[in-house]
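Following: one structure in structure tokens, then a few remarks.
No lab work stands behind these numbers, since they all come straight from the coordinates. This one's a predicted model, so the numbers in the text were calculated from it and none came from an experiment. Neighbour counts run over all protein chains shown; Cβ positions are idealised from the backbone, glycine included.
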């Protein structure tokens, strides 16, 4: 397959034919007769075929399609023949949407290449004989059209790989790095804008400078700023005391974990011998004034007696009092603690973070680290997204195929050993595309969560987003059938064999919907629910089972004979059959879950039929509301569900989706279907009980008013008449672009702290209608929050190993002087010699015309750096 020396001659025809006297097809046939494709040859291609991808244009088709250029260069010493192997790659968007999906593929580049949609987001390039071969140093380009737009480097996942029959596939080396250098820089508006109406450009240093919107108030201001804000904190003017190694902790056996937790943080020990001074008392007390909530607490710091008292009605309240005390002590290096009283309780009982471990796996250690940080900020619900099309991540006793096949992604086109590579996971199981929790792993997570007063909410997606489960149960069927037991083989089968419905899901799967019209589906659901419930028993009791339920693709069961038979009494068309099937599934699954004495969680569209909530409203059914894109006309759904009797958790995409970028910049990680960016300030300013007050912009960046969304008389919006049914808010960390542990930290932090602030504390400004006055008060509040963040909390996150996002600095040019700004308390640096040396920013500094500066921010511990931004002095 490799020529041992370069072919002589030049020119495009020479590159294709090897000799101008021989036709391209004849030359390739002759060469293939002599040289066979071997593993060494495929390895050579993986190592030496340099692939670069460039987004050429999003605007030509006004965002309906975009054009990509793929440039392939042979960087090795030998000629590469392009027959007998293929390139596989991931795309979030349908490639050649005017022609695909099609089993025959689509011709490209004057009929020299074919592109195929494999399934989901996996695509394949095949070289036809007319393409010829690649000589050393020669480059060839391919142009592809794709749906929608691509405005970020993470829109083009890496780990492209080459594969051939009977050989081990190999990743193309140039695509196996992070950040992905194989994606060319986005330097033109037609590359970073989604469509012509898109108002967003990457922030310039001066724009970022203004957006930081805060002054450095200094560490003294942070001393009494607790995150999340307590209900009240009052200084008693009794002087101060110093908590040092001579102090002890006093606590009953009921509070053994809380005492041990505090021991570990302060280096103290718990004494069982009564002591009257230099003691931190942890006490349960349901008679103390102000302790009217299961998570409320009171802290009294009494310098004249050298005593700290933390009282609470329940253990959780003591634990949250401990977290507040640790923040107050962290504000001083010497253990200084003033006389004060803190009285506190949460705004919402549900304060959550959703972590997607299905799209890309997050290890047990990742989850543990995340929970530790959640507990620091009084978040109490961990929603684990354990299954999706791209993976099943929890071992289920009795159904081992779910993880043996569904827990792995690799190059297996018939999906008998693993499911197809997706999201740039590559051809083998070495990446975060593969992985699952054993029963013991999961119990370890539950055990630690219980100690941290965190309830774990498992989600196993159905009936859609179920490709991995479907393929796993097909494998089980084949395995059991070998023993001749047809009844047992069919016991958990999830599809109708007589269903030839044609559909594509949101993520472009053609086989991801469990059939609602067959009994084996409900045997499967019952088995899974009971197995998960059993894992929780005695550790972290299962209270909510989340079934997902969203994004059922149109046409999923249109031709299902089982559904036609089930609904034979109806005059069916395809749409009615699908609606009946969805409603039937919802009824059956809700019965199964509620009969287990569990509450049922699902995304809002899981419960919607004919634009209205389908089930009778009950707070045992929780609707997770996310589609508040104002121009979509669904912003009122959250209040509609609450008023209908459902319990509602707000996960609003405009403010609480942590998979979206922090800035509208091609270098920033994340998706952006809901909003172009969400920074920490935006999450901080979210008003869950004043939902329409959050209306500001469309996806385009254009301003939008409440009147445009709701109508002049609010006729298109719903007032919240049952606020008690709004039970909380939750941040959403979907993992399509989260490929490593540090990516999870980067996307979740520090936004998680702003989420915690709004979940625990209702700010005074949330009830103010005057937008100008409200914005001023938000900015004042943000100044204190960001000061505590930079001077104290980011260092505490460093201490527990959280690699939060370090924000790049902004810069303002005033004449020939540059000023820099970032989060207060973080050090900044600049380079004047192309990043060879870096200088500490100590204040405004002089620059010369034409000079190019490079700017960056350091983490609180100084060990990590932000993305570098450039500033050219005009």
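At-a-glance table
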| read-out | value |
| --- | --- |
| On Cα atoms only, tilt of 467-481 relative to the major axis of the chain in degrees | 70 degrees |
| Two-site label geometry, residue 485 and residue 333: point separation in nm, points 7 Å out along Cα→Cβ | 6.9 nm |
| Debye intensity ratio in log₁₀ form over the Cα atoms of the chain, taken at each q of 0.06, 0.08, 0.09 Å⁻¹ | -0.45, -0.80, -1.00 |
| Modelled FRET efficiency - R0 35 Å, residue 834 with residue 215, Cβ distances, 0.05 increments | 0.65 |
| 0 to 90° range, to nearest 10: angle between helix 364-376 axis and the chain longest Cα axis | 30 degrees |
| Pair-distance profile P(r), taking every C-alpha pair of segment 672-731, with 5 angstrom steps and integer % | 4, 14, 22, 25, 20, 13, 3 |
| Length released on extending from residue 99 to residue 252, taking residue separation times 0.36 nm less the Cα-Cα span | 48.1 nm |
| Value in Å of the Kirkwood radius, where segment 151-248 supplies the Cα pairs that are averaged | 20.5 Å |
| Full-stretch length increase - residue 740, residue 848 - with 0.36 nm per residue and alpha-carbon distance subtracted | 34.8 nm |
| Separation in nanometres of the label points that stand 7 Å from Cα toward Cβ, at residue 187 and residue 107 | 3.5 nm |
| Computed over segment 544-583: relative contact order in percent, which uses C-alpha pairs under 8 Å that are six or more apart | 43 percent |
| Computed [θ] at 222 nm, helices only, for the chain once each DSSP H run of length n ≥ 4 contributes -39500 (n - 2.57) | -7500 deg cm²/dmol |
| Protection proxy ranking of 51-58, 264-271 - average other beta-carbon atoms within 10 Å, highest first | 51-58, 264-271 |
| Kirkwood Rh and Cα Rg combined as Rg over Rh, evaluated for segment 719-798 | 1.05 |
| Tail weight of P(r) past 14 Å, computed on alpha-carbon pairs of segment 597-684, percent | 65 percent |
| Alpha-carbon centroids, segment 694-750 and segment 552-582: separation in whole Å | 33 Å |
| Solvent-free Debye scattering, log10 I(q)/I(0), computed from the Cα coordinates of segment 50-175 at q = 0.17 Å⁻¹ | -0.91 |
| Beta bridge orientation in segment 350-762: antiparallel %, DSSP, nearest 5 | 15 percent |
| Cα gyration tensor shape of segment 767-874, rounded if a/c is under 1.5, else prolate or oblate by comparing a/b with b/c | oblate |
| Segment 410-488 - Rg over Rh from alpha carbon coordinates, Kirkwood radius | 1.07 |
| Per-pair calculated FRET efficiency, R0 = 45 Å: residue 62 and residue 610 via Cβ, rounded to 0.05 | 0.90 |
| Percentage relative contact order, segment 767-874, counting C-alpha pairs under 8 Å, at least six apart | 25 percent |
| Projected label distance in nm at residue 526 and residue 305, using a 7 Å step from Cα toward the beta-carbon | 5.9 nm |
| Extended-chain gain in nm, criterion 0.36 nm per residue less alpha-carbon gap, residue 38 and residue 429 | 138.5 nm |
| Relative contact order, percent, the chain [alpha-carbon distance under 8 Å, six or more residues apart] | 11 percent |
| Pair-distance profile P(r), taking every C-alpha pair of segment 232-344, with 5 angstrom steps and integer % | 2, 13, 25, 26, 22, 11, 2 |
| For the chain, share of DSSP beta bridges that run antiparallel, in % to the nearest 5 | 65 percent |
| In degrees, nearest ten, helix 39-48 long axis to first principal axis of the chain (Cα) | 60 degrees |
| Over segment 350-762, equivalent-ellipsoid semi-axes from the Cα gyration tensor in Å | 32, 26, 21 |
